[in-house]
Structures are given as structure tokens and as C-alpha cells.
Protein chains: 2
Amino acid sequence: MGTTQLEATQDVQEPKYWHLKTVLNDALDSEFSVGEILPNERDLAARFGVARATLRQALEQLELEGRLQRRRGVGTTVAPPRMGVAVGPVDNAWPGIGNDTWRTVGCAEAVAPAAVARLFDSGAGVPVHTIRRERVMNGQPVATELLYVPAESVPGLPGLLSPASHAPAVLRELQRLDLEGEDRAVELGSARAEDAKQLDRLPGAPVLVVTTRYFAAGQVAAVAISTYRADTCRLTFGDTGTVEVTPHEEQERRQAS
Amino acid sequence: MGTTQLEATQDVQEPKYWHLKTVLNDALDSEFSVGEILPNERDLAARFGVARATLRQALEQLELEGRLQRRRGVGTTVAPPRMGVAVGPVDNAWPGIGNDTWRTVGCAEAVAPAAVARLFDSGAGVPVHTIRRERVMNGQPVATELLYVPAESVPGLPGLLSPASHAPAVLRELQRLDLEGEDRAVELGSARAEDAKQLDRLPGAPVLVVTTRYFAAGQVAAVAISTYRADTCRLTFGDTGTVEVTPHEEQERRQAS
């Protein structure tokens, strides 16, 4: 990485960290490889002749843009290209059906949290089955999910279930219903402690939160709240295939931009 | 806002800023109204007995979660609930068709930037019409867009066009094509200077970047790169209506969570 002092070349019209970001971005392309650990902040700041606060701002930008990753116990590394993760299925399908890539990690029955209950037509106070799932791609955890199924959506569920058979039984009952449709919302969030741990991120890391409502018999039969790593994922929605960009193309794109 | 010194009540297991975030969140619900400007960082830090760095971390979290907004020249304010912004249409449609809520703000013809050219089957070096658009909801700018249309997608376009008639003519020609489908990807980004200005945000603010490919005659006929404010928007996709949550419900949800 060069030793140019930024002060000498900086355009006075743009914030210092913004220019630094551009310089760092070029350096990442030309001098670093994916997965490589960046020098520590003190060294980087000294090398570019900037204050650590300025450096940190630039690093944060590059993290938002998916160029850098902060990894627990490792430091800041050069990020691989984001993975295209299909979120909107071509055909509506219940969770657990077909090529569902989620894995169940737990299940419990409890009263729905007020925030979730409000997404159901039946309102607050109803008992819901809560299935915690996770999605792993290329060996990396990319998302966690809480799937909420009101007990009244699955009236045929046996009363006595072992912990191991609870989630499969709920999913099976759900899949018996006639799925009328689903809709989704995507928004920016910050990882809660439990999700962060599951995703191997620090609490508060930026995440993309996808809220899916599943409709049956004219009602919301289930709700999934999925938390995707924003650093490694781009969510794809589509009816003509996904907007997957191959790692090679992505790398070129980055070098060109 | 209370004057409790955080040190006294803090759970040693969680980071200090995380606990502060929870306390601040409750204070926002009980003592502040939407749009209200927060006291400055020095005062807030003093009141909660935390370092300014800790305070800033907590404020950043709340901004990511959509609870706070940083506004240029104003300061940090309590954010209104995020707006549901429909992104995935029920039926595929060309830009500018039907209830398209975008407004054209400019148009130019140039060689496609390499990053964009790569999204087209025709590859690099092709001339494209670039239409800059913006989307305004409830009087607020919520998104900017660059819509790229390769000249070869619209061969019937007249050669001589005034600046005012350029964009309408391109859209009209595009709409003559048989739209075979579209797909989308959503990812986290940081606002580039020009987009930030248009969105009334600071450069580098977190944004949701939506890349849409429009297909005709077996090829990508147009690409739109849309930049949504992540602080004020939740993007909705759906075939059974949108996951709109009314402001009242949203407020309740927040108070309950």
C-alpha cells in the first residue's frame, strides 16, 4: 500500500475520509487479495497521514459497500464478493418445501411477542410455535430466521411432541394448508446479540431484515423474520432467474468502478 | 430523559453501548416525539454518564434500526416509522408505465460504465441512454435511480432529440418492446455524493441498492440501479399486496419491542 500523504493530493471539495476511501479501495484491488487481513488502524492512519477517526470513517464506508469485513477475533479483512441469495421464490412455497435451504435449529411454543402478534390477524396473546432456523451457503452462515406459526394455523398438530419432532410436525401441518400467497419487506437493521452470535458477527452489525407473511384461508398463517448478513449477501428476487453475478465478474466490476 | 448513571445498572455481560441503546430507545418512546431534535452529544453523554464514543455507538445503532435520523444542518432527530415502498410490482412493467411513481430528472447518452455494461449481454463499449429518475413519497425524496437503456434496445429512437424529449422518447420506445420478465437484487450500500445530495443525506449514509434487470427478446434490454434511503424506507415485495404497516401499528410495535 502506498505511502502517499493524503493531504498533498486531496481535493478540498470532498471530505477527507471520502477521498481516503477511494484511495483505499484502489489499494484493495491492486495490493490485497480476498481474505487478507488489513494492517492495524494505527499503522494505516500513519501510512496515509490521516487521523484515526478519518481512517475509521473510510473503513466503515468500505464495510457498508461490502469491500471489507470486520471479523470477530480476526480483524478487518478484504471481503469476497457478495453472494447472491435467492429470497423471492419463483413459486410460492411453505417453509421447508422443495429446495428450501433453511435448517431448523430449535423450536418452542409461547405467546407471540407483541411486535409479532400484530402481524397476525388474530392479534395479541395468541400462542405461537416459534421455529428458529438458519441458512448456510458455501459453508458460511448467511441468515437466521424466526418462523412464527400461530397454534390456530395448525389445529391438527398432535398435543405431545418431543423436542426433536416439534419443528418437523409444525412444518408438516403448515404444508397441508393451501398457500394463497406471500409477501415480503426488506429493511436495514442491526444484528441483535443472539442473531449476531449465530451469524458470527458482532452485535449491532448491519443486517438486512426480511419479513415474510404467508397467507392461507384469507389470513396470515405464518410470519418469518429473517436476518441476513448485509456484508456478505445480496438478496435476489426474480421471475427470470436471479441476478447472480459470478465472483469473477464481480471482481472485474469492482476493479472497473 | 432520565439522569440514571448507566454504570450503576449495567449488566457486565453486554457491551456498554448496547445497554445504552436500550435505555435510549425507551427514552425515545416515552419522552420524545417524532421529528424532535435530540440534545447534543456532549449533553447526552454527560446525562447518561458515558463516554462520547459509547454514546455515538448507541446512536449509530439506533440510526441503523430506523429510530433516529441524522439530518444535514439539523442534527439527530427522532425518526418517523419507515415508509413501506413497493419495489416488486405485482405484474412486470416497463419503467414509466401505469402507476410508476418515478419522475425523470435528466437524460444523457454515453458509453456505459464498465460496471453497468457487464450487466448487459452485449458487453462493454456500447452506447446507452442513461435516465436519472427520482421517487418522492409523502413529499420526501426516497430514492434515486439511474436507468440504463442500450441504444440497441431502442433502434427506432429518432436521431435528433431535444433534452426535454430525450427521456420520454427512450421510455416510449422501451415500452414498445415485449417485456419478458424482470429480476432484482437488493444489497446494502453507502450513498455516493450525487445520490446523497438528491436524497438530502450525507455522503456515505447507508442506502439500499436495488438492481433491476428488464428482459426482452431473450436479452437484458434495460437495467435500473435504484438507491433507496435506508433510514426511511422498507422495501416491499409481494403478490398479495404489500407488507405495509400503518404508522400507528408501527409505533405500537416499537413501544412493545
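Brief remarks follow.
- Scanning segment A:106-126 for residues that are among the hydrophobic types (A, V, I, L, M, F, W, C) and open to solvent by less than 60 Å² (accessible area, probe 1.4 Å) turns up A:Cys107, A:Ala108, A:Ala110, A:Ala112, A:Ala114, A:Ala115, A:Val116, A:Ala117, A:Leu119, A:Phe120, A:Val126.
- Number of positions in segment A:171-201 that are among the polar types (S, T, N, Q) and either closer than 25 Å to B:Gln57 by Cβ or open to solvent by less than 40 Å² (accessible area, probe 1.4 Å) (or both): 2
- Test: A:Val116 is at pLDDT below 90, β-branched (Val, Ile, Thr) and over 26 Å from A:Phe237 (Cβ atoms): no
- Among the residues making up segment B:172-191, those that are of a type in the set (D, E, K, R) and within 13 Å of chain A (Cβ to nearest Cβ) are B:Glu180, B:Glu182, B:Asp183, B:Arg184, B:Glu187.
- Scope segment B:128-170; condition open to solvent by 20 Å² or more (accessible area, probe 1.4 Å) and among the aliphatic types (A, V, I, L, M); matching residues: B:Val136, B:Met137, B:Leu146, B:Ala151, B:Leu157, B:Leu160, B:Leu161, B:Ala164
- Residue within segment A:63-73 that is at pLDDT below 90, farther than 22 Å from B:Thr236 by Cβ and away from chain B (no Cβ under 14 Å) present: yes
- Residue check for A:Thr236: at pLDDT below 85, within 10 Å of chain B (Cβ to nearest Cβ) and in contact with a strand residue (DSSP E or B) (Cβ under 8 Å, 6 or more places away or on another chain): no
- Criterion applied to B:Gly96, B:Gly123 was being in a loop (DSSP other than H, G, I, E, B), within 14 Å of another protein chain (Cβ to nearest Cβ) and over 22 Å from B:Ala205 (Cα atoms), and the one residue passing it is B:Gly123.
- Qualifying residue in segment A:101-116 (condition: free of Cβ contacts under 8 Å to residues at least 12 places away in the same chain and assigned to a helix (DSSP H, G or I)): yes
- For segment B:192-209, filtered to residues that are free of Cβ contacts under 8 Å to residues at least 60 places away in the same chain and part of a loop (DSSP other than H, G, I, E, B), the residue that is farthest from the other protein chains (Cβ to nearest Cβ) is B:Leu199.
- Taking the criterion of being touching a helix residue (DSSP H, G or I) at 6+ places or on another chain (Cβ under 8 Å), within 30 Å of B:Ala169 (Cα to Cα) and open to solvent by less than 10 Å² (accessible area, probe 1.4 Å), the only residue of segment B:62-98 that qualifies is B:Pro95.
- If you go through segment B:156-168 and pick out every residue that is touching a His at 6+ places or on another chain (Cβ under 9 Å) and free of Cβ contacts under 8 Å to residues at least 60 places away in the same chain, you end up with 2.
- Residue within segment A:28-41 that is within 14 Å of another protein chain (Cβ to nearest Cβ) and modelled with pLDDT under 90 present: yes
- Of the residues screened, A:Arg103 is not one that is in the same structural domain as A:Leu24 (by TED's automatic domain parsing) and surrounded by fewer than 21 Cβ atoms within 10 Å (Cβ to Cβ).
The values are calculated or read from the model by the stated rules, or taken from the named source; none is laboratory data. All of these numbers come straight from a predicted model, not from anything done at the bench. Every residue, glycine as well, gets a Cβ built from its backbone with ideal geometry; the counts of neighbours run over all protein chains shown. The protein model used for the area step is the full one, side chains on, heavy atoms only, and it has no ligands, DNA or RNA in it. Shrake-Rupley method; radii C 1.70, N 1.55, O 1.52, S 1.80 Å.
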